[in-house]
1. Does Arg230 satisfy the criteria of being without any contact (Cβ under 8 Å) to a residue 24 or more places away in the chain, within 15 Å of Gly26 (Cβ to Cβ) and in a helix (DSSP H, G or I)?
2. Filter the stretch 122-158 for residues that are over 17 Å from Ile4 (Cα atoms) and touching a helix residue (DSSP H, G or I) at 6+ places or on another chain (Cβ under 7 Å) and give the result.
3. Just a yes or no: is a residue in the stretch 103-119 under 16 Å from Ile156 (Cβ atoms) and within 14 Å of the chain's Cα centre (by Cα)?
4. Please specify each residue of the stretch 155-186 satisfying the condition of being open to solvent by 40 Å² or more (accessible area, probe 1.4 Å), free of Cβ contacts under 8 Å to residues at least 40 places away in the same chain and either part of a helix (DSSP H, G or I) or over 20 Å from Ala238 (Cα atoms) (or both).
5. For the list (1) surrounded by fewer than 18 Cβ atoms within 10 Å (Cβ to Cβ); (2) in contact (Cβ under 8 Å) with a residue 40 or more places away in the chain; (3) closer than 19 Å to Gln55 by Cα, I need the number of the one condition that His108 fails.
6. Sort through Ala100, Ala25 and tell me the only one that's under 30 Å from Phe148 (Cα atoms), assigned to a helix (DSSP H, G or I) and within 16 Å of ligand 2 (Cβ to nearest atom).
7. Identify all residues within the stretch 55-93 that are open to solvent by 60 Å² or more (accessible area, probe 1.4 Å), among the small types (Gly, Ala, Ser) and either assigned to a loop (DSSP other than H, G, I, E, B) or within 12 Å of Val36 (Cα to Cα) (or both); write none if there are none.
Amino acid sequence: MAKIIAVANQKGGVGKTTTAINVAAGLAKAGKSALVIDIDPQCNATSGLGVEPGQRHPLVSGRPLAEYLVETSQPGLQVLPGSQSLADADALSAPNRQRAALLRQQLHGELSHFDYILLDCPPSLGQLTRAALGASAEILIPIQCEYFAMEGLSQIIDLARQTKSRENTRLEIGGIVLTMFDPELELANEVASEVRGYFEETVFETMIPRDVSVSEAPSHGKSVLDYNPRARGARAYAELVMEVIDRE
Ligand code: ADP
Ligand code: MG
């Protein structure tokens, strides 16, 4: 059965998409079959993996999901592309009590042959993120080491706790990952130790450094692990993947 991980944080630009792509690529490199599902209408995960967004969003198309799966340049890693269709974005994010149950059914029914499924969530705590949490086994929360990092964090963790108590008892906080870390910045170090002090072992040991290779890789349609395997960012994501696997 697939392990479903929602990569979520209501803030934009914290590294959700980057983390979804690179963790999925690293899992594939470790011999696991992995799928990235793009549920952000911006479709960054889709294009970052070198795939064109579709006309329809597979999850609301009414067609079998298998028809939409696309191979990426990384063997073992597939993507369920997002769509820029506004109508489909509306349909996906419309308040719908059934959405999480439906999503869970779709993922477990049609995509259960993957080892890991990563849902790249939009930057909001809206219906889509809620549905993703309702259908996932874990939430993975990337945060940027900046001043307001902690504030948003408690909101998303509250939402995860609510989701767990109301509709998805299996949901666990898979972990908080510190991204775009710059060791030279005093503030970054302060934030990192504050987050660790508060959330303790929920925070992954591995911190993802700010690294230009990480930001360049998506324009080549590749993970940083392929684009520049020796880059610091690539090594950090490879280590994070080992932690993700070990936390099973
Ligand atoms: P989100 O999905 O949370 O909005 P992204 O993953 O798209 O965030 O990242 C936001 C921006 O920061 C992107 O331009 C991305 O390339 C860049 N970025 C993400 N992680 C790193 C990193 N470790 N080093 C440098 N740039 C990064
Ligand atoms: Mg994103």
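The values are calculated or read from the model by the stated rules, or taken from the named source; none is laboratory data. Model, not experiment: these values are computed from the prediction. Reconstructed Cβ throughout: ideal geometry from the backbone, glycine too, with neighbour counts over all protein chains shown. Heads up: the accessible areas ignore ligands, DNA and RNA and are worked out on the full protein's heavy atoms, side chains in. Shrake-Rupley method; radii C 1.70, N 1.55, O 1.52, S 1.80 Å.
1. It is false that Arg230 is without any contact (Cβ under 8 Å) to a residue 24 or more places away in the chain, within 15 Å of Gly26 (Cβ to Cβ) and in a helix (DSSP H, G or I).
2. Leu125, Gly126, Gln127, Ile143, Cys145, Glu146, Tyr147, Ala149, Met150
3. Yes, the stretch 103-119 contains a residue that is under 16 Å from Ile156 (Cβ atoms) and within 14 Å of the chain's Cα centre (by Cα).
4. Asp158, Arg161, Gln162, Lys164, Ser165, Arg166, Thr169, Arg170, Glu172, Ile173, Glu184, Glu186 - these are the residues of the stretch 155-186 that are open to solvent by 40 Å² or more (accessible area, probe 1.4 Å), free of Cβ contacts under 8 Å to residues at least 40 places away in the same chain and either part of a helix (DSSP H, G or I) or over 20 Å from Ala238 (Cα atoms) (or both).
5. Exception for His108: condition (3).
6. Ala25
7. Gly62, Ser73, listed by residue number.
A quick yes/no check of all residues on (1) within 16 Å of ligand 1 (Cβ to nearest atom); (2) at pLDDT below 95; (3) among the aromatic types (Phe, Trp, Tyr):
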{"site": "Met1", "(1), (2), (3)": "no, yes, no"}
{"site": "Thr19", "(1), (2), (3)": "yes, no, no"}
{"site": "Lys32", "(1), (2), (3)": "no, no, no"}
{"site": "Leu49", "(1), (2), (3)": "yes, no, no"}
{"site": "Glu67", "(1), (2), (3)": "no, no, no"}
{"site": "Gly82", "(1), (2), (3)": "yes, no, no"}
{"site": "Asp90", "(1), (2), (3)": "no, yes, no"}
{"site": "Gln106", "(1), (2), (3)": "no, yes, no"}
